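**Student:** I have a structure here, written as structure tokens, and I will follow up with some questions on it.
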Amino acid sequence: MSRLIVISNRVSVPDKKKKDGAQGGLAVALGAALKEHRGIWFGWSGKETEVFTGDLNMQRTDGITTATIDLEPQDIDEYYNGYANRTLWPLFHFRIDLAEYERQFGSGYERVNERFATSVAPLIEPDDLVWVHDYHLLPLGKMLRDRGIKNRIGFFLHIPWPPTRLLVSLPFHERLVLTMLEYDIIGFQTREWLESFCHYVEKELGGTVDADGVIRFEDRVVKAQAFPIGIDYEEFSRAAVGDTARSAYERLVQSAEGKKVLIGVDRLDYSKGLPDRFEAYDRFLTQNAESAKDVVLLQIAPPSREAVVTYQEIRETLEGLTGSINGAHADIDWVPIRYVNRGYPRAELAGFYRASRIALVTPLRDGMNLVAKEYVAAQDPEDPGVLILSRFAGAALQLTDALMVNPHSGDEVSEAIRTALSMPKEERIRRWQGMIETVKNEDVKKWQKDFVAALKGS
Ligand code: ADP
Ligand code: F6P
């Protein structure tokens, strides 16, 4: 079997001592996928070094070999906080109002991608399959080709691909997309993002795309395909009934004192629609004063990308909203929102999901959203909760039995909360059964197997 060389910006080195779980879909999914394969996971350590050396820190833990490099402060500023998270992230999540186009971000992005290529190239052996991940590393395939790497190289995008009319606002967009045509296969979370990519290739580059997603441009042939990512269903559903989950479940149920819990679990990111969610909940409390005190919202939101101003702003906005909503509705024995800014071990999260009657997964735009799938996997089959899901999450194309909402509409979300709270058990079970099959069958192992098979060209 060929080795797999996985390359991503962030590498989650397994650490049994760490109290909080890995946050972010990519880290969670790749950790699970790499256990299946012999190979190496290469990327940034998350640490700073004064001067870049390219020295590799190799570790083998829990069946996964990781190789990481440290980056200079300027790299982190221009590549990670800059081009990746101030330019591409907002643009790819349809927020051109937040996207910043700075020349030095673009050059930092290219420099770091070159550094990644130079550092990882010596690790690649002739039969290895190379799998590059996410928006931080769009041009890496081309840079590996420039270093003589002839292996099969695939790329998977974990976030949305924006419509052409938005993407063209990015300076040098053609140059960026052209580098991607050096991959053998390009994967997207859903058909929607795949179609947007193919549309761009046809309209802006003048390439052709056939019915099987085979792109032809000059002398290059690249396959583009949707591979919806899943969770490690087996591990997560087992964790949901384990001891740790059970005590987390008890803790939440006891502290809720008979109230129904609504749960939200999201990185503190403006794409997750948290202010709109809180405002919709506020509307629900105001419009349903008689049942308001029967519910409590637990929002778990670990801070993310804290050096970026838009992330500092979203944090301030939410703190303000939590204060004003709690101030307006709370009583001496009840606070409507519990707002928690920390990570939890995955088994504890599973217990919290299971103890919650409703999950609010209402991003304004999301490549997939694994929280929605984790919530479904953690439910008690005899008495499952209700998933309220944004139609703008990639997961909405698969979890069609969720209560689907437009997250921009406070009325719609408030109404969905009301419907979910009064939903008869038979309907909850029926909807859950519809979703659990998808979560189970289209899990992270299938995602990994399907992508690797396509990467092999089989
Ligand atoms: P994204 O990749 O944009 O963060 P996803 O919903 O796809 O969004 O993935 C988020 C992952 O991070 C999920 O597996 C979720 O359980 C995990 N996560 C989010 N918040 C926390 C938290 N507070 N503690 C532990 N894990 C978390
Ligand atoms: O899933 C999208 C994603 O951007 C991943 O690439 C990333 O690892 C995760 O969200 C969390 O973000 P970050 O690595 O910037 O903390």
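The values are calculated or read from the model by the stated rules, or taken from the named source; none is laboratory data. Only a predicted model underlies this, so the values are computations on that prediction, with no experimental measurement involved. Here Cβ is always computed from backbone atoms with ideal geometry, including for glycine, and neighbour counts include all displayed protein chains. Note: accessible area is taken over every heavy atom of the protein model, side chains too, but ligands, DNA and RNA are not part of it. Shrake-Rupley method; radii C 1.70, N 1.55, O 1.52, S 1.80 Å.
**Student:** Mind telling me which of the residues Ile69, Ile96 ends up being in a strand (DSSP E or B) and in contact with a Ser or Thr (Cβ under 7 Å, 6 or more places away or on another chain)?
**Tutor:** Answer to the check: Ile69.
**Student:** Let me ask another. Which of the following residues is within 21 Å of Glu306 (Cβ to Cβ) and either open to solvent by 10 Å² or more (accessible area, probe 1.4 Å) or under 17 Å from the mean Cα position of the chain (by Cα) (or both): Leu98, Leu137?
**Tutor:** Leu98
**Student:** Here's something else I'd like to know. Scan the stretch 57-87 for residues that are among the basic types (Lys, Arg) and within 14 Å of ligand 2 (Cβ to nearest atom) and report the count.
**Tutor:** Within the stretch 57-87, residues that are among the basic types (Lys, Arg) and within 14 Å of ligand 2 (Cβ to nearest atom) number 1.
Residue-by-condition table, conditions (1) in contact (Cβ under 8 Å) with a residue 40 or more places away in the chain; (2) open to solvent by 40 Å² or more (accessible area, probe 1.4 Å); (3) in a loop (DSSP other than H, G, I, E, B):
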{"site": "Met58", "(1), (2), (3)": "no, yes, no"}
{"site": "Asp75", "(1), (2), (3)": "yes, no, no"}
{"site": "Tyr79", "(1), (2), (3)": "yes, no, no"}
{"site": "Phe105", "(1), (2), (3)": "no, no, no"}
{"site": "Arg111", "(1), (2), (3)": "no, yes, no"}
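**Student:** Of the residues Leu399, Leu360, Leu421, Leu389, which is out of contact with any Leu (no Cβ under 7 Å at 6 or more places or on another chain) and modelled with pLDDT of 95 or more?
**Tutor:** Leu421
**Student:** Would you confirm whether any residue within the stretch 427-443 is surrounded by 14 or more Cβ atoms within 10 Å (Cβ to Cβ), under 28 Å from Leu4 (Cβ atoms), basic (Lys, Arg) and touching a residue at least 12 places away in the same chain (Cβ under 8 Å)?
**Tutor:** Among the residues of the stretch 427-443, at least one is surrounded by 14 or more Cβ atoms within 10 Å (Cβ to Cβ), under 28 Å from Leu4 (Cβ atoms), basic (Lys, Arg) and touching a residue at least 12 places away in the same chain (Cβ under 8 Å), which makes the answer yes.
**Student:** Regarding Ser247, is this residue open to solvent by less than 10 Å² (accessible area, probe 1.4 Å), within 28 Å of Ser304 (Cα to Cα) and of a type in the set (S, T, N, Q)?
**Tutor:** Spelling it out, it is not the case that Ser247 is open to solvent by less than 10 Å² (accessible area, probe 1.4 Å), within 28 Å of Ser304 (Cα to Cα) and of a type in the set (S, T, N, Q).
**Student:** Here's another thing I want to ask about it. Can you name every residue in the stretch 264-287 that is more than 16 Å from ligand 2 (Cβ to nearest atom) and among the aromatic types (Phe, Trp, Tyr)?
**Tutor:** Phe278, Tyr281, Phe284
**Student:** Another question about this same structure. When only residues in the stretch 340-363 that are more than 12 Å from ligand 1 (Cβ to nearest atom) and open to solvent by 30 Å² or more (accessible area, probe 1.4 Å) count, which is farthest from Ser291 (Cα to Cα)?
**Tutor:** Arg354
**Student:** Can you tell me which residue in the stretch 22-45 is farthest from ligand 2 (Cβ to nearest atom), limited to those that are at pLDDT 70 or above and open to solvent by 30 Å² or more (accessible area, probe 1.4 Å)?
**Tutor:** My answer is Arg38.
**Student:** Six or more apart or on different chains, Cβ under 8 Å: which pairs go from a residue in the stretch 144-158 that's open to solvent by less than 40 Å² (accessible area, probe 1.4 Å) to one that's more than 16 Å from ligand 1 (Cβ to nearest atom) and among the basic types (Lys, Arg)? Could you list them?
**Tutor:** So the pair list comes out as Ile153/Arg145.
**Student:** Only residues that are open to solvent by 40 Å² or more (accessible area, probe 1.4 Å) and touching a Gly at 6+ places or on another chain (Cβ under 9 Å): list them for the stretch 159-183, please.
**Tutor:** Pro171, Phe172, Glu182
**Student:** Can you tell me how many residues within the stretch 364-374 are acidic (Asp, Glu) and either more than 7 Å from ligand 1 (Cβ to nearest atom) or touching a Lys or Arg at 6+ places or on another chain (Cβ under 7 Å) (or both)?
**Tutor:** So the count comes out to 0.
**Student:** Residues that are surrounded by fewer than 22 Cβ atoms within 10 Å (Cβ to Cβ) and under 21 Å from the mean Cα position of the chain (by Cα): does the stretch 284-296 have at least one?
**Tutor:** No, there is no match, as no residue in the stretch 284-296 is surrounded by fewer than 22 Cβ atoms within 10 Å (Cβ to Cβ) and under 21 Å from the mean Cα position of the chain (by Cα).
**Student:** Which members of the stretch 364-386 meet the condition of being out of contact with any Pro (no Cβ under 7 Å at 6 or more places or on another chain) and within 16 Å of ligand 2 (Cβ to nearest atom)?
**Tutor:** Within the stretch 364-386, Asp366, Leu370, Val371, Ala372, Lys373, Glu374 meet the criteria.
**Student:** When you scan the stretch 154-161, do you find a residue that is away from ligand 1 (no atom under 16 Å from the Cβ) and over 23 Å from Asp97 (Cβ atoms), even just one?
**Tutor:** Looking for residues that are away from ligand 1 (no atom under 16 Å from the Cβ) and over 23 Å from Asp97 (Cβ atoms), one finds at least one in the stretch 154-161, hence yes.
**Student:** With the condition being touching a helix residue (DSSP H, G or I) at 6+ places or on another chain (Cβ under 7 Å), I'd like the strands (runs of 3 or more DSSP E) fully within the stretch 333-404 carrying at least 3 qualifying residues.
**Tutor:** 358-361, 386-390
**Student:** Taking the condition at pLDDT 95 or above and either more than 16 Å from ligand 1 (Cβ to nearest atom) or β-branched (Val, Ile, Thr) (or both), does Glu78 pass?
**Tutor:** The answer is yes for Glu78.
**Student:** Mind listing just one residue for me: the one in the stretch 410-426 that is in contact (Cβ under 8 Å) with a residue 12 or more places away in the chain and among the hydroxyl-bearing types (Ser, Thr, Tyr) and, of those, most open to solvent (accessible area, probe 1.4 Å)?
**Tutor:** Here the residue is Thr419.
**Student:** Given the condition in a loop (DSSP other than H, G, I, E, B) and modelled with pLDDT of 95 or more, answer yes or no: does some residue in the stretch 425-437 qualify?
**Tutor:** No, the stretch 425-437 has no match at all.
**Student:** Further question: Take the residues in the stretch 113-126 that are in contact (Cβ under 8 Å) with a residue 60 or more places away in the chain and farther than 12 Å from Pro139 by Cβ; name whichever of them is most open to solvent (accessible area, probe 1.4 Å).
**Tutor:** Checked the stretch 113-126; the qualifying residue most open to solvent (accessible area, probe 1.4 Å) is Glu125.
**Student:** So, one more: Note down all Cβ pairs under 7 Å where the first residue falls in the stretch 340-366 and is under 29 Å from Arg95 (Cβ atoms) and hydroxyl-bearing (Ser, Thr, Tyr), the second is near ligand 1 (Cβ under 8 Å from one of its atoms) and at pLDDT 95 or above, and they're at least six residues apart or on different chains.
**Tutor:** Tyr344/Ile300; Tyr353/Glu374
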